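Structure, as structure tokens:
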Amino acid sequence: MAEFRDMLGGKINYEIPEGKTVQAFLHGLAQADAAFGKAVFDPEDQIRPHVNILKNGKHIGFLGSSEMMLADGDVITIFSYAAGG
Amino acid sequence: MYGYHKKMLRIDLSNRKIEIETLDERDLRKYIGGLGMGLKILLEETGVGTKPFDPDNILTAVMGPCTATGVPTTGRHHLVSRSPQTGLFGGANVGGSWAVGCKQAGFDGIAVKGKADAPVYIWIYNGKAEIRDALPIWGKDSYEAAAWLKKETSEKATAAVIGPAGERMAGIAGIPHIGSIVRMAARTGLGAVMGSKNLKAMVVHGDGEVSIAKPAELKEYISALMPHIRKSTEGFTKYGTSGGLVNYEKIGNFPLKNWRQGRWSGVEKINGVTMHDTILSGRKACKSCPIACGRHIKVTEGAYAPMDCEGPEYETLGTLGGLCLIDDLPAISKANELCNRYGMDTISAGGVIAFAMEAFEKGIITKKDTDGLELVWGSATALVEMVHKMGKGEGIGKLMTEGSKKMAEALGNNAIEFAIQVKGLEPSAHDPRRFFSQALSYATEARGACHNASWSHPYELAMTMPEIGITEPQNPYQIEGKEVLTCKMQDLMSVMDAMILCRFSQVGKAVNVTNHVDFLNMITDWGMDIPEYMKAGERLTNMKRLFNVRHGASRKDDFLPYRFMTLKRTGEGLSNQLPPMGELLSNYYAYRGWSEEGIPTAEKLKDLGLDEFIQK
């Protein structure tokens, strides 16, 4: 959470075109900030295994394709995890 | 002396003798505390003939120099004994409020041997200790017993108190610690060691302080570091240890169906984010911890209501949940609470229930054996009922609490093929096929399949620790250099178990090794550098190994279950790699300076200052 917020906090003004998906939104942020892009995406452009993305509190791994579309007011949470119990 | 009281409480229950041993500063610098001091006592004072339930077996609970000094995540202690579950080195690290209570009572640790002639508890407070009658609470669950003990001693007290599983010396019995928070010294059956000694509880409270060499400097250092720790661990605070569970399932790290299945949609219902959105009612922290990964839950409706108690953490969700394909969060929470009450390790409990479910599926056990219970995958009813049977030692539940290895041996029919354990200890919820350092660590750790022995898989995922040469996350399937990563992390974990520092202080690089040494030096004024600190860790890893070698263990015991070495999982996005254990082990022994059979060499022991343990 904090690490990603630190990368982006208050410095990106990024307009999301209507109908964009969560992935497109993340790619847009990655293009705007290289450090963020490297932290979130691996060299094959896949989301890194320790990076968790939630849309309105739900992990995107459980969203259908229609649910991946962004609408006004949606909240995207990004946090990393490299641990367990 | 700073950081320590130099006092070890020595108790012999056979003759009810209490003594205070004065500790030598040279020993404290060499072994640091916690795991280190426990190992020193275990190696020096038990022998080849000392069986786990012999009165001569010793149980130690030792804090570290940082405990009760305000250093973050150090409100913990390490317990050591010969394990009844594995017959080898037994150890468990636990947080909560016991460690700070005992250190503030004026002791660096406690070593208990002997066997009382009737149930007793030990009350430790402000420089004193008493052995008291525990007959009124013998047979009570840990929560009920702790409530009674607090009334008898102090409402501020913390009790390390066994439940019925420990009393009847069940192999997977842990030691619940109940004070300001409930925590369990779960692994390797140390609750059964207490039971064998007729020791129901060790209760502590203290009001004293620990002397610190540079108190103002330490306070300022901690204040400066604290915002970084809070930020780095923010995800843990919000979602607990299971916030990343969904990703772990996605990448093949989460255990499913007794380690047979590749993917499972059930994780949607049992992960930390779901818990946060449904039953979470509060967060709980061990003493001196800003992270507060502990969950408190409230369930007000459904089959398992009412519940208002500690919630399950990641490993428990993996073992009582994923391994048994249980996607009912309240049911897992109930099973977790019952394990705490009966005093059983949730990791081994989940592992052995999954094993029994597979035995049921294969017809090796039937409803006749389970008293009519349909022990099928995904049955929440079966899970909760089986935990009751295990806790009470009823029917097949009694055999199950000896662990999956002993149960498989009793069942025959090649059941050992699917008893997933190393040295008799069930693995935690991390798949060694996904991270080869995890495979190597499960195989080589003295206490058995334990992820905490190396805590290395995050360093194959995203993390680095440049001070000890881990400058880039390592490819999880890479063979070359895997032994280096595993050994370095094992040694770091060993010294952290002596210091004592929680594993989660590493989350998000919250605390690094430079911080460790700075803490130690500001407290003790020793001027220790990172090489000396890491060498202490290597010494302790070797001492654990030496204890196992003494009891007949060698390379033959450093195995992985066949399933991990032969079964490729299928499912979207999963790798089909399997760990090549022969090569990994040979590289590991060579790097360690051990023989090809996995025995530490005389040269290595001399190098580590362990000459007295060289076998003649």
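Filter segment B:451-473 down to the residues that are touching a residue at least 24 places away in the same chain (Cβ under 8 Å) and among the charged types (D, E, K, R), then identify the one that is farthest from the other protein chains (Cβ to nearest Cβ).
Among residues in segment B:451-473 that are touching a residue at least 24 places away in the same chain (Cβ under 8 Å) and among the charged types (D, E, K, R), the one farthest from the other protein chains (Cβ to nearest Cβ) is B:E467.
Exactly one condition in (1) touching a residue at least 24 places away in the same chain (Cβ under 8 Å); (2) not in a strand (DSSP E or B) is false for B:F360; which is it?
It is condition (1) that B:F360 fails.
Give B:K115, B:K150 a once-over and let me know the one that is under 23 Å from B:C286 (Cβ atoms) and either more than 24 Å from the chain's Cα centre (by Cα) or in a strand (DSSP E or B) (or both).
B:K150
Restricting to segment B:219-262, and then to whatever is among the aliphatic types (A, V, I, L, M) and more than 8 Å from chain A (Cβ to nearest Cβ), can you tell me which residue is surrounded by the fewest Cβ atoms within 10 Å (Cβ to Cβ)?
Our first condition is that a residue be among the aliphatic types (A, V, I, L, M); within segment B:219-262, this holds for B:222, B:224-226, B:229, B:245-246, B:251, B:256.
Filter again for more than 8 Å from chain A (Cβ to nearest Cβ), leaving B:222, B:224-226, B:229, B:245, B:256.
On the way: B:I222: 19, B:A224: 9, B:L225: 18, B:M226: 13, B:I229: 23, B:L245: 32, B:L256: 26.
Among residues in segment B:219-262 that are among the aliphatic types (A, V, I, L, M) and more than 8 Å from chain A (Cβ to nearest Cβ), the one surrounded by the fewest Cβ atoms within 10 Å (Cβ to Cβ) is B:A224.
Out of B:K389, B:K367, I need the residue that is over 22 Å from the mean Cα position of the chain (by Cα) and assigned to a helix (DSSP H, G or I). Which one?
Going through B:K389, B:K367 in turn, the sole match is B:K389.
Would you tally the residues in segment A:34-52 being buried (at least 20 other Cβ atoms within 10 Å of the Cβ) and facing chain B (nearest Cβ under 9 Å)?
4
B:F435 versus (1) under 30 Å from B:K362 (Cβ atoms); (2) within 11 Å of chain A (Cβ to nearest Cβ); (3) surrounded by fewer than 24 Cβ atoms within 10 Å (Cβ to Cβ): which is the lone unmet condition?
(3)
Filtering segment B:401-450 down to residues that are free of Cβ contacts under 8 Å to residues at least 12 places away in the same chain and of a type in the set (A, V, I, L, M), which residue is farthest from B:P84 (Cα to Cα)?
If we take residues in segment B:401-450 being free of Cβ contacts under 8 Å to residues at least 12 places away in the same chain and of a type in the set (A, V, I, L, M), then B:I416 is farthest from B:P84 (Cα to Cα).
Report whether or not B:I332 is under 23 Å from the mean Cα position of the chain (by Cα), free of Cβ contacts under 8 Å to residues at least 60 places away in the same chain and crowded, with 24+ Cβ neighbours inside 10 Å.
Considered against the rule, which asks whether it is under 23 Å from the mean Cα position of the chain (by Cα), free of Cβ contacts under 8 Å to residues at least 60 places away in the same chain and crowded, with 24+ Cβ neighbours inside 10 Å, B:I332 comes out as no.
Before we move on, is B:V511 among the β-branched types (V, I, T), in contact with a Leu (Cβ under 9 Å, 6 or more places away or on another chain), in contact (Cβ under 8 Å) with a residue 60 or more places away in the chain and outside the structural domain of B:G294 (by TED's automatic domain parsing)?
Against the criterion (among the β-branched types (V, I, T), in contact with a Leu (Cβ under 9 Å, 6 or more places away or on another chain), in contact (Cβ under 8 Å) with a residue 60 or more places away in the chain and outside the structural domain of B:G294 (by TED's automatic domain parsing)), B:V511 qualifies.
Quick check: is even one residue across segment B:294-311 crowded, with 24+ Cβ neighbours inside 10 Å and either within 14 Å of chain A (Cβ to nearest Cβ) or farther than 20 Å from B:T346 by Cβ (or both)? Spell out how you get there, then give the answer.
If we filter segment B:294-311 for residues that are crowded, with 24+ Cβ neighbours inside 10 Å, which is where we start, we get B:295, B:311.
If we keep only those that are either within 14 Å of chain A (Cβ to nearest Cβ) or farther than 20 Å from B:T346 by Cβ (or both) as well, we get B:295, B:311.
Yes, the conditions are met somewhere in segment B:294-311.
Go through segment B:21-58 and count every residue that is touching a strand residue (DSSP E or B) at 6+ places or on another chain (Cβ under 9 Å), hydroxyl-bearing (S, T, Y) and surrounded by 15 or more Cβ atoms within 10 Å (Cβ to Cβ).
Summing the residues that are touching a strand residue (DSSP E or B) at 6+ places or on another chain (Cβ under 9 Å), hydroxyl-bearing (S, T, Y) and surrounded by 15 or more Cβ atoms within 10 Å (Cβ to Cβ) in segment B:21-58 gives 2.
Kindly establish whether B:R263 is more than 25 Å from B:H388 (Cα to Cα) and either assigned by TED's automatic domain parsing to the domain that holds B:E385 or within 24 Å of the chain's Cα centre (by Cα) (or both).
Spelling it out, B:R263 is indeed more than 25 Å from B:H388 (Cα to Cα) and either assigned by TED's automatic domain parsing to the domain that holds B:E385 or within 24 Å of the chain's Cα centre (by Cα) (or both).
The values are calculated or read from the model by the stated rules, or taken from the named source; none is laboratory data. Bear in mind that the values here come from a model prediction, so they are computed numbers and not experimental data. Every residue, glycine among them, receives a Cβ derived from its backbone with ideal geometry; neighbour counts consider all protein chains shown.
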